[in-house]
Amino acid sequence: MKFRVLASVTCLAVMLTANPVFAQSAESTKLGDEKYEPRVGQSGKDVIWVPTNDAVADAMLKAAKVKPTDLVYDLGAGDGKIAIAAAKNFGATAVGIEYNKDMAELAKRNTERAGVADKVKIINGDIFVEDFSKATVVTMYLLPDLNLKIRPTILKMAPGTRVVTNSFNMGDWEPDDTVGTGYAQGYFWVVPGNAAGKWSLKGMEGSQQPATLEITQRYQRVGGVLNIYGKSQPILGATLTGNRLKFSFTDHSNQSRIVEVTLNGNEFSGQVLENSPLYSITGTRN
Ligand SMILES: C[S@@+](CC[C@H](N)C(=O)[O-])C[C@H]1O[C@@H](n2cnc3c(N)ncnc32)[C@H](O)[C@@H]1O
């Protein structure tokens, strides 16, 4: 535990000095109030407290395209600033989970000061215990090993959930995008649906032309082979964004066609397009 705290302090301290854009300086932030004045770098259960820079908090929420219908969870909420920014600047409902009781109380007072207490809830709890499965957006400023520890929980969330971090990635789950520039950056992901397996397709070419699609998947990266007209062809440019699967194939007249379908468990439905929809298709996982 001692080593873990030390490692956290060292890691975030290194980040603080190496990455001045992403860390909020003590001078430029309102750190507390008359009841509780936290110190930047103070120990936390699994990671020390360093507040995200205001501009970076907004950039993270912008990258996640946060909108009023979103429910944003900040894991390790500190003084509540990301949850508050989500409500105040993007109109979202937000929840911050913070282990340190004094910090959680401060965050609650900050939601009142910011006039968003009706939109932001602060939970004094542990991110590895509290349920955040209803979030549509998850924000994190933790540590690389904590991101990896929480990753399995995130990957079980509803496909399409957006995740954005300050500074640290999620190992071999490659990000969909980055936030910021140069060495100072955050990362953005969309939780992928499950597209893997062999699918029987109906409606290709607007007929009962039998077709199968075999998809391999690693996180959001997908590839596959389409078998149609008795011939196999690799699908091209395949992307999986949440439950939206998109790829192109070559039809019987040698035209490149785009397929866009939405996964729903072991079924999918969607369309084959040229510039506009040509015909509807469905798929069933075998
Ligand atoms: C680096 S700070 C980030 C604060 C805030 N999210 C921000 O970006 O400004 C990490 C916060 O996580 C809290 N923390 C550490 N371990 C935690 C855990 N297991 N559950 C909840 N909060 C935790 C710390 O107390 C600290 O306030």
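Farthest towards the positive end of the charge dipole of the chain, among the residues 178, 283, 91, is the Cα of 283, using unit charges on the Cβ of Lys, Arg, Asp and Glu.
Among the listed pairs 156/202; 67/134; 62/134; 45/88, give every one whose C-alpha distance is greater than 23 Å. Please list the in-between numbers first.
Details: 156/202 29 Å; 67/134 16 Å; 62/134 20 Å; 45/88 28 Å.
In this structure, 156/202; 45/88 lie more than 23 Å apart at Cα.
Stretching the chain fully between residue 105 and residue 239 yields a gain of 43.9 nm (0.36 nm per residue, less the alpha carbon separation). Among 40, 50, 164, which one shows the biggest mean-square fluctuation in a GNM of the chain, springs joining Cα atoms closer than 10 Å? Result for the chain, Cα springs under 10 Å: 40 fluctuates most.
Applying 0.36 nm per residue to the separation of residue 276 and residue 214 and subtracting their alpha-carbon distance, the gain on full extension is 19.8 nm. Highest GNM mean-square fluctuation among 188, 132, 249, for the chain modelled with Cα contacts below 10 Å: 249. Using Cα springs under 10 Å in a Gaussian network model of the chain, which residue among 114, 158, 85 shows the largest mean-square fluctuation? In the Gaussian network model the winner is 114.
Residue separation times 0.36 nm, minus the C-alpha to C-alpha distance between residue 117 and residue 89: what's the value?
Working: separation 28, 0.36 × 28 = 10.08 nm, distance 1.39 nm.
Extra length from residue 117 to residue 89 when fully extended: 8.7 nm.
For a label point 7 Å from the Cα of residue 33 along Cα→C-beta, name the residues of the range 95-132 whose backbone N is under 11 Å from it. Flagged as within label range: 105-115. Each of 157, 270, 80 was scored by the projection of its Cα onto the charge dipole of the chain, and the greatest displacement toward the positive side belongs to 270; charges sit on the C-beta of Lys, Arg, Asp and Glu. Charging the Cβ of each Asp and Glu at -1 and of each Lys and Arg at +1, and nothing else, the dipole of the range 142-286 about its Cα centre rounds to 300 debye. Evaluating 6.51 cos²θ - 1.76 cosθ + 1.60 at θ = phi - 60° for every residue in the range 97-113, the Karplus couplings come out as 10, 9, 6, 6, 4, 4, 5, 4, 5, 4, 4, 4, 4, 5, 5, 5, 4 Hz, glycine and proline recorded as x.
No value in this document is a laboratory result; all are computed from the given coordinates. Because the structure is predicted, anything quoted here is derived from the model rather than measured. Glycine also receives a Cβ, built like all others from the backbone with ideal geometry; neighbour counts cover every protein chain displayed.
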